[in-house]
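This report concerns only the one structure given below.
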Ligand code: KG4
Ligand code: ZN
């Protein structure tokens, strides 16, 4: 049984065909990084326009690569939220039109649930299946959410960020230091060259729900650190580098980043990783988790993966392969399989919802 997945919630237009909930027959992702990079973040109006341009070729290519026509599909799954409403609308409208034209059932998928299913899908393949109850940490540019996942995919929200998402903190810190967008992968690449103990950041203890996160104070602390030293020259040099070559290599960035700044980057990254893992342990204990799932763009972070592996956690921790950590449509198709089994279909009234909650 094959499901076509479509994802357009932020700045990636993606389509994929998944078979039997676990085999990815094709996964196509058209990134808009070049469009938004020069603005240092996603510009919603430009994102919608780019999705409109990309949606038809991306879906066609996904079907071609899967060697599959519309008659070979059991359903079309689409991200209906959360995300940028104008971006979501492109995927939702196109999926509705496909279902109408080819008489296929339509399945609405929550983007955050998709990130969780990226791991569920792959862990089935690796025969190290996720055991329930599982603790799921979804960490991306838009989300830092902790869920309890019970058998049958029932979700309970345990904690979330009260301000910036972890990926957003990476992107904002990178931007203020003169690196390009998205900043997460750049800071992750530079962090091993700095001393993670050099700068001591303290994170505010949460009042109320102690499983909530807050990253805006850390971002401000980094800003204060830069203001106390004069970084104007090195930031200018990095911005110049970016003007000359839009995709600098790690070596290029290293050549224009002094040791003190590398120490800052390493210390910032270490603080974020510690905070994420501290929450994973605390919430895992609280729900007596039998496994943990970490997904979303920040799950690509090499330092986070290494720290999670090095630490003796009381349960196994699963990460998706890097290609399935960031936004993609295979995870959307995968999340649709249990819904197909339960007969949870949508119709032409399906709406794009910017603030769709999973639980
Ligand atoms: O899941 P995703 O592709 O889109 C959203 O749903 O937001 O995540 C993108 C986010 C960006 O903030 C990006 O900087 C961050 O994930 N990211 C990383 C890494 N790779 C991507 N953050 C830290 N380390 C990385 N290696
Ligand atoms: Zn995402």
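Scoring residue 351 on the criteria (1) within 16 Å of ligand 2 (Cβ to nearest atom); (2) over 16 Å from residue 17 (Cα atoms) leaves a single failure, condition (1). Number of residues in segment 6-21 that are part of a loop (DSSP other than H, G, I, E, B) and within 16 Å of ligand 1 (Cβ to nearest atom) equals 4. The residue of segment 310-323 that is nearest to ligand 2 (Cβ to nearest atom), among those that are out of contact with any strand residue (DSSP E or B) (no Cβ under 8 Å at 6 or more places or on another chain) and in a helix (DSSP H, G or I), is 322. Looking across segment 38-52, the residues that are in a helix (DSSP H, G or I) and either buried (at least 18 other Cβ atoms within 10 Å of the Cβ) or in contact (Cβ under 8 Å) with a residue 24 or more places away in the chain (or both) come down to 44, 45, 47, 48, 50, 51, 52.
Within segment 254-266, track down each residue that is buried (at least 21 other Cβ atoms within 10 Å of the Cβ) and in a helix (DSSP H, G or I). Even if it seems obvious, please write down each step before you answer.
Of all residues in segment 254-266, those buried (at least 21 other Cβ atoms within 10 Å of the Cβ) come to 257, 261, 264-266.
Of everything in segment 254-266, those that are buried (at least 21 other Cβ atoms within 10 Å of the Cβ) and in a helix (DSSP H, G or I) turn out to be 261, 264, 265, 266.
Taken over segment 289-304, residues that are part of a helix (DSSP H, G or I) and more than 22 Å from residue 158 (Cα to Cα) amount to 3.
For segment 289-347, a residue qualifies if it is within 14 Å of ligand 1 (Cβ to nearest atom) and exposed (fewer than 15 other Cβ atoms within 10 Å of the Cβ), and the qualifying residues are 302, 306, 321, 322, 323.
Residue-wise test of (1) away from ligand 2 (no atom under 16 Å from the Cβ); (2) more than 30 Å from residue 63 (Cβ to Cβ); (3) in contact with a helix residue (DSSP H, G or I) (Cβ under 6 Å, 6 or more places away or on another chain).
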position	(1), (2), (3)
93	yes, no, no
102	yes, no, yes
131	yes, yes, no
151	yes, yes, no
157	yes, yes, no
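Which residues, counting only those in segment 184-210, are away from ligand 2 (no atom under 16 Å from the Cβ) and either closer than 17 Å to residue 254 by Cα or in contact with a strand residue (DSSP E or B) (Cβ under 6 Å, 6 or more places away or on another chain) (or both)? Give the steps one after another, and end with the answer.
If we filter segment 184-210 for residues that are away from ligand 2 (no atom under 16 Å from the Cβ), which is where we start, we get 186-210.
Result: 186, 187, 188, 189, 190, 191, 192, 193, 194, 195, 196, 209.
Filter segment 74-96 down to the residues that are assigned to a loop (DSSP other than H, G, I, E, B) and crowded, with 22+ Cβ neighbours inside 10 Å and list them by number. Step through it out loud before you land on a result.
Initial filter on segment 74-96 (assigned to a loop (DSSP other than H, G, I, E, B)): 74, 82-84.
Of everything in segment 74-96, those that are assigned to a loop (DSSP other than H, G, I, E, B) and crowded, with 22+ Cβ neighbours inside 10 Å turn out to be 83, 84.
All of the numbers you see were taken from the coordinates with simple rules; none came from a lab. The shown structure was predicted, so the numbers you read here are calculated from the model rather than taken from an experiment. Every residue, glycine among them, receives a Cβ derived from its backbone with ideal geometry; neighbour counts consider all protein chains shown.
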